[in-house]
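Notes follow the structure.
The values are calculated or read from the model by the stated rules, or taken from the named source; none is laboratory data. Note that this is a predicted model, so its numbers are computed, not measured. Virtual Cβ from ideal backbone geometry, glycine too; neighbours counted across all protein chains shown. Remember, those area values only see protein heavy atoms, side chains included, never the ligands or the DNA or RNA. Shrake-Rupley method; radii C 1.70, N 1.55, O 1.52, S 1.80 Å.
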Amino acid sequence: MKNIFLFLALFILLLTNLCFAKDDLPGKQIFYTSKGKFGSCNYCHANGTSAGRFDPATGEISEDEGRKIPSLKGIGKKKDLEQIQRSVESMRKMFGFKLTNEQVKQLTDYVSTL
Ligand code: HEC
């Protein structure tokens, strides 16, 4: 009897996973969950916008110290995929993200839809 419940639970989990996978590009997951030295992409580019300025001295978001974080909204209309991918690669280096080349591509695809 126990096994049937386990099987059902797994089945439902699989089903919900499939449903969400359809709406969400894999890059979206990576954007919110992959962690670099200072946290996820979302830490600085909050929901694709700008969280403010990034102060590398403290590792914190600040209103007036440090480098301005650009919003990523509409970037797909202004820049081509190759340029966006180059930026994602520089983020990977600069902020120590452990991303495969495949994941960089997935992030590029996602960011270009923002
Ligand atoms: C610690 C803060 C921080 C994190 C984390 C971060 N970024 Fe950035 N991002 C910046 C800053 C600052 C710039 C501007 C860089 C510059 O001026 O050279 C930038 C620039 C960019 C650009 C170029 C925007 C443009 O208008 O050309 C893209 C694309 C981008 N980031 C995507 C990402 C992705 C994807 C991640 C996650 C892998 C990420 N960023 C993580 C701070 C951050």
* Residue list for the stretch 34-47, filter: open to solvent by less than 80 Å² (accessible area, probe 1.4 Å) and more than 9 Å from the ligand (Cβ to nearest atom) -> ALA46
* If we scan the stretch 8-16, do we find a residue that is at pLDDT 95 or above and open to solvent by less than 60 Å² (accessible area, probe 1.4 Å)? -> no
* Could we say that ARG67 is out of contact with any helix residue (DSSP H, G or I) (no Cβ under 7 Å at 6 or more places or on another chain) and either in contact (Cβ under 8 Å) with a residue 12 or more places away in the chain or within 19 Å of TYR32 (Cβ to Cβ) (or both) here? -> yes
* Asked: Considering the stretch 29-61 alone, what residues qualify as being β-branched (Val, Ile, Thr) and more than 23 Å from SER112 (Cβ to Cβ)?
  -> THR58, ILE61
* **Failed item, numbered, when TYR32 is tested on (1) under 21 Å from LEU99 (Cα atoms); (2) of a type in the set (Ser, Thr, Tyr); (3) not in a helix (DSSP H, G or I)** => (3)
